[in-house]
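In what follows, a structure is listed as structure tokens, so that the remarks can point back to it.
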Amino acid sequence: MKKIIIACFLIFGVLNLAIANHIKGGFFTYKYLGAGSTSGSLKYEVTLTVYMECFPQPGQLNQEIDFTIFNAGSNIQYRNEKVTITQTYELNQPVDDECITGDQTGCYYTIVKYTKTIDLPSNAEGYTISYQRCCRIPGVENIQNSSSIGNTYSITIPGSSAPHNAQTNNSATFEINDLAVVCRNSYFTIPFVATDADNDVLTYSFCDAWVGGDQTNPSPQLASSPPYQTLPYLFPFNGSNPLGQNVTINSQTGLISGIAPNISGSGEFVITVCVNEFRNGVLIATTRKELHIRVGTCSPITPQLEPSYISCDGFNIDFNTNNPNPIIKTFLWDFGDGQTSTEKNPSHTYADTGTYNVKVVVNKGLGCEDEAITIAKVYPGFFPDFTASGICVTKPTQFTDNTTADYGIVDSWNWDFGESSVNNDVSDLQNPAFTYPSMGTKNIRLIATSTKGCIDTIIKPVAIIDRPPLSVAFSDTLICAGDILQLEAIGNGVFSWTPGITITNANTATPTVNPANTTKYNVQLNDNGCINFDSVNVNVVDFVTLVAMPDTLICSGDAVQLNAVTNGLQFMWTGNGTLNDPNILNPVAIPVNTTNYQIISTIGGCNAADEVLVTLVPYPIANAGPDTLICYESSAQLNGSANGTSFTWTPGGTLDNPNILNPISTPPSTTNYVLAAFDTQGCPKPGYDTVVITVLPPMGAFAGNDTAVVIGQPLQFNAIGGVTYTWQPGTGLNDPTIPNPIGIYDGSFDSIRYQVSISNLAGCTETAFISVKIYNVEPQVFVPTAFTPNGDGRNDLFRPIAVGMKSFDFFRVYNRWGQMIFSTTVSGQGWDGRIKGNEQGTNSFVWIVQGTDYLDRPFFKKGMVTLIR
């Protein structure tokens, strides 16, 4: 029996839970109807609109519910009102939006309305009317354990103490148009619009949804008294951000918009919107609407843009549309600076800094057209940077922000000090300090932002060590007895030097000392209790050692490096401005005369001097003679002179004797011959001179190709290859001394052969020949009647010979089917008896020729030719 009872309770609990999970939103409204039925009372029509899952079960749809009424000032229950259903209907989407993927049709909510006219005695505080019901549907994305959490719907009617006669107010009323399609990770809009019969000013905001009812009592007769508990939202959601940071509500219009959460699959989110009524600038009433919004796996056509695109390191911005909807076919971008693009994800370079309004239109003029806008911020010159000081382990390390911004100001800092062994190794201060518990290289990350929207990151390694960095400018030096020396240590912190005798400013980085004897000075650096040491050895002497190099001999114009052996610290050479640096120990000298160089070596107040004599000996003199121009494949005699005792020419391969002053050269091309002269006057180096033998290239004399003319036809010659020309014989030529004479013939002879002598600038001469055939006929094109293309070198080509023709338009050959098998525009060029490389057998072919004769008369001729194999 006990088991049966327990089982019954379990079954009842499951059924009760199933019946309970159906509520998806709701809101209260009221209308002021005037004076009530009793003295001093007011009459209101109060309506509760409840959103349920479509087609609720009989146990889920209560025919009668209770409105619990509280004193709005004390929250003490005043009375209950029984209210019955006045209207029920489904909120349906009859057709799909063709611009959104997926099926959007069907029932979205069942709407249930409970309305009752209520008389309420006038009071100063007003009344709060509430209704509670459990439970919500399971699996709501932004709250915990949604199936076990109920709802509270409530509204407050102002009392007589409210300003501007608010006791007679009509509440704001929400429109029931909740058919918006919301796709995950996509831009959407939902109009949470309300109207007000009193024309009060309405403002909108997200607010907390309230808990009410539970699984043990899903439909309480009495609502609990205000104030009400906020829903347990799941991070990062809350009442002010029910759909995350990327979704906002317009406070003036009630339009909810933004990028929906990127959830896995589909899911529902609870949102609550509060509408505040202002009359003459004073808040008089608030109406709340709660609703479950379904976020699906669909894809809208609205382009998905970032809220803003920012470039802080240049003028280029890469834009992108993260939208997988296959309905989108075209894109039209307007970058806000007069430039456009039709790419899906364009890259654009702005000409100047500033904030630009960017718009992209998809499917323009194609149907399913939509657009989205964003802004582009171009503010280059943002560079995060920092320095670190005090880098000893277990001591505070100070970080100093050095971030620069050419536009705007740096307004936030996010530091990560790179110490994995410490939980709280971050800071948002501009110049923080951090104490490292361990040594090693730490990767410090700084993320900085600016008022222009720039954000950038820099990561720098900082070595945390057990002692502060310390160095000295020199560790060993010399001074002259009685001199004063300034020491120098490099580091950050407090310095102290020892021994304390013969020293001034011993607690600075740069003290001065004047020891009488050689002394070792020790320096200690203290950086916030982190210690390091170093030392400087000061050697004291009373004289300078100096030995200059031996005297030397060099060739005139040569350089010599001077040097000396000394313990001095400063040096000065005297040398009449011929030294590259007179203040180093080993300068380079280029004397113009024999010179005595003196060196002075100094240690403070001590110095020593020595000298070096540099004697100059002139180079041997060589003269290779004047440059020469010779003809191709000819010789030239070199004519050199020298004052040396021996000499040689290079290169010697094209000389008959490279060891005499006047050899014969036969260079194949232009050649530089160098004459080197040697003597015994003391300069060990030779003197050089160069002569250039320029070899002219082959002339390439050419008189032209043999040709033919008719009587009276002018013939233009064009010889090339030189600068002077002589034609022999001069018969028929207008000028036999120019490269391009004109020949005209009267028919007294039928052919003539010309020789033209051509000379160049060097006097080189070549000859060339050209033959002219003279025909005593009208201008003509001679075409043979047969040819034998057998490769014997005789009559192998079928070709035209044009005489008296000014231009040759074409010569064409056709087969018996009228197909053109050969064509040329060059007189003398012919057909070899092949078609596409294949030899043709014996056959007849048609030819035609067209041109213009030298008198500008058109010429046309045709005929037959026989190919013989």
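The values are calculated or read from the model by the stated rules, or taken from the named source; none is laboratory data. In this text the structure is predicted, and so the values were computed from the model without any measurement. Glycine gets a Cβ as well: all are built from the backbone with ideal geometry, and neighbour counts include every protein chain shown. Keep in mind that these areas ignore ligands, DNA and RNA; they rest on the heavy atoms of the full protein, side chains included. Shrake-Rupley method; radii C 1.70, N 1.55, O 1.52, S 1.80 Å.
Here segment 315-357 yields Rg over Rh of 1.01, to two decimals, using C-alpha coordinates and the Kirkwood radius.
Is segment 156-219 best put as rounded, prolate or oblate by its Cα gyration tensor, with a ≥ b ≥ c the root eigenvalues, rounded for a/c under 1.5, and otherwise prolate when a/b is larger than b/c, oblate when not? Since a/c reaches 1.5 but b/c is at least a/b, the shape of segment 156-219 is classed as oblate.
Solvent-accessible area per residue for the chain at a 1.4 Å probe radius, Å²?
Working: 42790 Å² over 869 residues.
I get 49 Å² per residue for the chain.
Taking the 1.4 Å solvent-accessible surface of the chain as the whole, the part contributed by carbon and sulfur is 51%. Each residue of segment 650-660 was assigned a 3J(HN,Hα) from its phi angle through the Karplus expression (A = 6.51, B = -1.76, C = 1.60, θ = phi - 60°), giving 9, x, x, x, 9, 10, 6, 7, x, 10, 10 Hz with x at Gly and Pro. The alpha carbon gyration tensor of segment 94-164 gives principal lengths a ≥ b ≥ c with a/c of 1.5 or higher and a/b greater than b/c, which makes the shape prolate.
Karplus-derived 3J(HN,Hα) values for segment 259-275, using 6.51 cos²θ - 1.76 cosθ + 1.60 with θ = phi - 60°, are 9, 5, x, 8, 8, 8, x, 9, x, 10, 10, 8, 10, 10, 10, 9, 10 Hz; glycine and proline are entered as x.
For segment 526-598, the spread of Cα coordinates along the three principal axes comes to 66, 28, 16 Å, biggest extent given first. Ligands, DNA and RNA aside, residue 808 has an accessible area near 30 Å² when probed at 1.4 Å.
Across all directions of projection, what mean area in square nanometres is found for the Cα convex hull of segment 265-365?
Working: hull surface 45.3 nm².
Computing the convex hull of the Cα atoms and averaging its projections yields 11.3 nm².
Rounded to whole Å, the principal axis extents of the Cα atoms in segment 96-227 read 54, 42, 25, largest first. If you model segment 552-709 as an ellipsoid using its alpha carbon gyration tensor, with each semi-axis the square root of five times an eigenvalue, the axes come out at 55, 19, 10 Å, biggest first. Amide H contacts for residue 859 (H built 1.01 Å from N in the peptide plane; partners 5 or more residues away or on another chain; cut-off under 5 Å): 851, 852, 853. Rounded, prolate or oblate: pick one for segment 189-263, where a ≥ b ≥ c are the square roots of the eigenvalues of its C-alpha gyration tensor, a/c under 1.5 means rounded, and failing that, prolate if a/b is larger than b/c, else oblate. Verdict is oblate for segment 189-263. With the helix formula -39500 (n - 2.57) applied to DSSP H stretches of n ≥ 4, the chain reaches a computed 222 nm mean residue ellipticity of -500 deg cm²/dmol. Packing here is the average count of other Cβ atoms within 10 Å per residue, and on that basis the peptides 420-428, 474-482, 82-90, 300-308, highest first, run 300-308, 474-482, 82-90, 420-428.
What order do you get for 147-155, 177-185, 544-552 when each peptide is scored by the mean count of other beta carbon atoms within 10 Å, highest first?
Ranking, from highest mean packing down: 147-155, 177-185, 544-552.
Taking every Cα-Cα distance in segment 24-83 and sorting them into 10 Å bins from zero, the calculated P(r) comes out as 17, 41, 30, 12, 1 percent.
Let me test this: with uniform point scatterers at the alpha carbons of segment 473-605, what is the Debye-based log₁₀ I(q)/I(0) at q = 0.15, 0.19, 0.20 1/Å? For segment 473-605, the Cα-only Debye profile gives -0.77, -0.97, -1.04. With N as its number of residues, segment 676-720 has a Cα radius of gyration that, divided by 2.2 N^0.38 Å, comes to 2.98. Couplings for segment 480-489, taken from phi via the Karplus curve 6.51 cos²θ - 1.76 cosθ + 1.60 with θ = phi - 60°, read 7, 3, x, 7, 10, 10, 9, 7, 8, 10 Hz in order; Gly and Pro are left as x.
Could you tell me what percent of the DSSP beta bridges with both partners in the chain are antiparallel, to the nearest 5? It would help to have the intermediate numbers written out before the result.
Values: 232 of 258 bridges.
Of all bridge pairs located within the chain, approximately 90 percent are antiparallel.
Can you list, bin by bin at 10 Å, the percent of alpha carbon pairs in segment 739-791, starting at 0? In order of increasing distance, the bins hold 15, 31, 27, 20, 7, 1 percent.
Put simply, the amide H of residue 321, placed in the peptide plane, has no neighbours under 5 Å, leaving out anything fewer than 5 places away on its chain.
About the Cα centre of segment 287-418, how large is the charge dipole given +1 on each Lys and Arg Cβ and -1 on each Asp and Glu Cβ? Please answer in debye to the nearest 20.
Dipole magnitude for segment 287-418 comes out near 580 debye.
Restricting things to Cα coordinates, could you compute the convex hull volume per residue of segment 628-777 in Å³?
On the way: hull volume 14.8 nm³, N = 150.
Enclosed volume per residue, from the Cα hull, is 99 Å³.
Just flag the trypsin sites (Lys or Arg not before Pro) in segment 319-409 sitting in loop per DSSP whose Cβ has no more than 16 other Cβ atoms within 10 Å. Could you put the intermediate results ahead of the total?
On the way: sites: 329, 344, 359, 364, 377; in loops: 329, 344, 364.
Counting only loop positions with at most 16 other Cβ atoms within 10 Å, the trypsin sites (Lys or Arg not before Pro) in segment 319-409 are 329, 344, 364.
Taking amide H as placed 1.01 Å from N in the peptide plane, the amide H of residue 385 sits under 5 Å from that of 402, 403, 404, each at least 5 places away or on another chain. Both radii were evaluated on the Cα set of segment 318-433; the Rg over Rh quotient, with Rh as the Kirkwood radius, amounts to 1.22.
Based on the inverse mean of 1/r over its pairs of different Cα atoms, what is the Kirkwood hydrodynamic radius of the chain, in Å? About 42.5 Å for the chain. Take the Cα radius of gyration of segment 636-708 and divide it by 2.2 N^0.38 Å, N being the number of residues; the result is 1.65. Between segment 722-761 and segment 830-868, the alpha-carbon centres lie 34 Å apart.
Given 37 °C and 0.692 mPa s, compute D for segment 307-385 with the Stokes-Einstein relation, Rh being the Kirkwood radius over Cα pairs; round to the nearest whole µm²/s.
Details: Rh = 13.4 Å.
Answer, rounded: 246 µm²/s.
The heavy atoms of residue 39 offer some 120 square angstrom of accessible surface to a 1.4 angstrom probe.
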